[in-house]
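Each remark here refers to the structure printed beneath this line.
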Amino acid sequence: MLEQTFAFRLSDEGTGQADGLRLILISGGRPGKSGGTNLAREPRYLALFILSVIIASSTYMVWSAERGLGEVTVVNIQITRTNGRVVDFSVYKPRILTYGAPLPAVLTIHGISASRAEMLPVNIELARRNFTVVSVDLAGHGVSSETFSFGTFMEVVSDAYEAVRYVQSNDPDTSNSTWGVLGHSLGAGVAMLMQNMSVQPNATVIIGGGMGENFGGLSLSLNQTHPHNLMIACGFYDELVSPELAYTTLRIATGLSDVSSGTIYGSFSDGSARKLVLSFTNHLFEISDVTIVMQSVDWLGRSLQGVSQFEQHTLPISNQVYQYADIGGLLQASAMLLSLFPLYLITYTKLPPRLRPRASTDMWTPMGRSKALRFSLLLGSLSAVMFLSLMFIGLIMEFAGIVIVPVSFGTAFTIFSLVIFPVAIYFIRRNFGRPQTQSEIGHGFQMQVKRALDNFARSLIPVVPIIVWLCAWSYLSSSLAGIKISATPQVISGALLLRALSTVVLTMTLLPLFYVDVLWLDRVVGVVSGWTSFLSLSKKSVGAIVHKLAGFGIVIAALYLPFLAGAQLGFVMFVALLMLPFAVLFGLTALITLWVGGLSKSYMSTALLNAFLLAVIIASTFQIV
């Protein structure tokens, strides 16, 4: 009987440093004949190969889903307006035209800090149902080379309008007069402002934004006839738009005091149709929510194609394929992040000892488990409060045109990193004492600086292949499939140089943040001490996440519990909403700290890798300001 067991161990070589995390397959078969023998020799290469296959196959899965599993064509277009502004957008159309008339156009507009990729669910499902879909990158977002500013917001609106009008004027298969607009969050406000354009949309869908009678200080045309055929949608747990505001908007749009969700008011034929759709979701997930996607497609079909045409000659709204793109995207990102570990391991073990990162030699007194948890709760909660506060300050600075890094949230994160560093060092020294490293014993200041620079250079060496790896995958997926993989740099963009420089600057400014993170986690879970078994690794991984995120969890709960109880916290919830994805990122960096730190024994190398990854995510995801 063949019995197989997987185990992890760290093996030491002559340098006294761990040469890597090795996956050992112990097989009960005969030596030399077991399939496990070869696997045991170089599991890291096999792991990297398998993860590469997953990345490639999931990229194809997203590419295929984006094209409606063969039903849709996608073309990326860039135009230059008469005022010189460049607009980037994608056009989705059914592959086989069976509509019998020019297709109605639908302009889809994403929210702030997103891109046209966010609108994929509605883009796919509308194009499968005889629409020409124009999905735009707003200024500064996605691959746009323009700068985003609320001071030039009407130009942003005109950019989107010019994109859809370009397609309507130049594509003979698309109607020049019949069109609709769908926007999420910031994009919903842009959608409402389309009423100011010369050719107004015949239908409007706003999701999680654009509600009330003004938007960002601009008056909205909202009454019983404008916008034409208006559908309002939001989640019950939307942090930025309350269901009550959605009801108020519906009352204004219908002229009625007693309204309800799910009911169609007015008539599609004269443009007075109105409807409110509520779903059990929050702001982040509204645009991919099944109910909201189905109802949006249904509304635009009835408004732009006619009720009988849409009901009798198109796919049922329950027939959806966009979820395959969501699944593929999740697999892409997960496999990409996991691939960094065998890649780092391969690089590290191939380096000669003189080029490996210096092992950290801090000497400190261990802390008991309960005291360590109390320390992490205190420092974690303080970090979360500071994060919340400094995000406010950073965003205010961006709105005022004062930026350190010209990418949204770059300024806030830079301030947070530079402020949290001395605060965390103070708390660590107060609880653990001032660590004395071997490098401080018997060396003057100049020698310490020289050793620090040498350590930085040696810590950078194993990170370089990771930079090349991420850029290579980003280029391949973007150039061959038109898809950017999450957590990879933007290598095909109108603002490539600016985003690349922002990544470098952010990596350096985020280094203090992640250096104290390594100090913190090393003292409470023992990062550089490594692990001896899979069970030991699992326990430390859970411990690292708990210690890192427990304080964040307390602050997030303190904000969300009043919100869920009905309290309206306004802009505070916008920052609280941002804390959710960043908390996930901080959890991932805690795992990277544990796994890479256990391998390299180096604080600097671990901090540098984490700083680079977060810098890539910020610089390649958020808008240019």
For residues that are of a type in the set (A, V, I, L, M, F, W, C) and outside any loop (DSSP other than H, G, I, E, B), scanning just segment 142-160, find the one that is most open to solvent (accessible area, probe 1.4 Å). PHE150
Could you list, in sequence order, the residues of segment 101-133 that are in a loop (DSSP other than H, G, I, E, B), open to solvent by less than 10 Å² (accessible area, probe 1.4 Å) and over 19 Å from PRO316 (Cα atoms)? HIS110, GLY111
Select from segment 347-370 the residues that are touching a residue at least 40 places away in the same chain (Cβ under 8 Å), assigned to a helix (DSSP H, G or I) and over 28 Å from the mean Cα position of the chain (by Cα) and list them in ascending order. TYR348, THR349, PRO353, LEU355
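Given the condition in contact (Cβ under 8 Å) with a residue 60 or more places away in the chain, of a type outside the set (D, E, K, R) and surrounded by fewer than 19 Cβ atoms within 10 Å (Cβ to Cβ), answer yes or no: does some residue in segment 205-214 qualify?
Checked against the condition, which is being in contact (Cβ under 8 Å) with a residue 60 or more places away in the chain, of a type outside the set (D, E, K, R) and surrounded by fewer than 19 Cβ atoms within 10 Å (Cβ to Cβ), segment 205-214 yields no hits at all.
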In segment 559-582, the residues that are under 25 Å from SER113 (Cα atoms), surrounded by fewer than 18 Cβ atoms within 10 Å (Cβ to Cβ) and small (Gly, Ala, Ser): GLY570
Give me the pairs: first residue in segment 466-491 and more than 17 Å from ILE617 (Cβ to Cβ), second residue in a helix (DSSP H, G or I) and open to solvent by less than 20 Å² (accessible area, probe 1.4 Å), beta-carbon distance under 6 Å, and six or more apart or on different chains, which are they? ALA481/THR59
Any residue at all in segment 84-100 that's without any contact (Cβ under 8 Å) to a residue 40 or more places away in the chain, surrounded by fewer than 23 Cβ atoms within 10 Å (Cβ to Cβ) and within 26 Å of THR147 (Cα to Cα)? yes
Within segment 303-337, residues farther than 21 Å from GLU71 by Cβ and open to solvent by 10 Å² or more (accessible area, probe 1.4 Å) come out as SER303, GLY306, VAL307, SER308, LEU330, LEU331, ALA333, SER334, LEU337
Considering every residue within segment 257-268, establish whether at least one is surrounded by 21 or more Cβ atoms within 10 Å (Cβ to Cβ) and either more than 31 Å from the chain's Cα centre (by Cα) or in a loop (DSSP other than H, G, I, E, B) (or both). no
Tally up the residues in segment 499-536 that are surrounded by fewer than 19 Cβ atoms within 10 Å (Cβ to Cβ) and either in a helix (DSSP H, G or I) or of a type in the set (Asp, Glu) (or both), please. 8
Would you say GLY401 is small (Gly, Ala, Ser), at positive phi and either open to solvent by 30 Å² or more (accessible area, probe 1.4 Å) or touching a strand residue (DSSP E or B) at 6+ places or on another chain (Cβ under 6 Å) (or both)? yes
All but one of (1) small (Gly, Ala, Ser); (2) buried (at least 18 other Cβ atoms within 10 Å of the Cβ); (3) outside any loop (DSSP other than H, G, I, E, B) hold for SER272; which doesn't? (3)
Answer yes or no as to whether PHE341 is under 21 Å from LEU230 (Cα atoms) and either assigned to a helix (DSSP H, G or I) or modelled with pLDDT under 95 (or both). no
Filter segment 583-606 down to the residues that are open to solvent by 40 Å² or more (accessible area, probe 1.4 Å) and either over 30 Å from ASP454 (Cα atoms) or under 15 Å from the mean Cα position of the chain (by Cα) (or both) and list them by number. VAL584, LEU588
I want to confirm something. Restricting to segment 122-173 and keeping residues that are among the acidic types (Asp, Glu) and touching a residue at least 60 places away in the same chain (Cβ under 8 Å), which single residue is farthest from LEU193 (Cα to Cα)? ASP173
Being farther than 30 Å from GLN312 by Cβ and among the polar types (S, T, N, Q) is the filter here; which residues of segment 41-100 pass it? SER52, SER57, SER58, THR59, ASN76, GLN78, THR80, THR82, ASN83
Within the group VAL516, VAL525, VAL505, which residue is of a type outside the set (S, T, N, Q) and within 16 Å of VAL403 (Cα to Cα)? VAL505
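The values are calculated or read from the model by the stated rules, or taken from the named source; none is laboratory data. In this text, all values refer to a predicted model and were calculated from it rather than measured experimentally. Don't worry about glycine lacking a Cβ; one is built from the backbone with ideal geometry, like all the others, and counts go over all protein chains shown. For accessibility, only protein heavy atoms count, side chains too; no ligands or nucleic acids. Shrake-Rupley method; radii C 1.70, N 1.55, O 1.52, S 1.80 Å.
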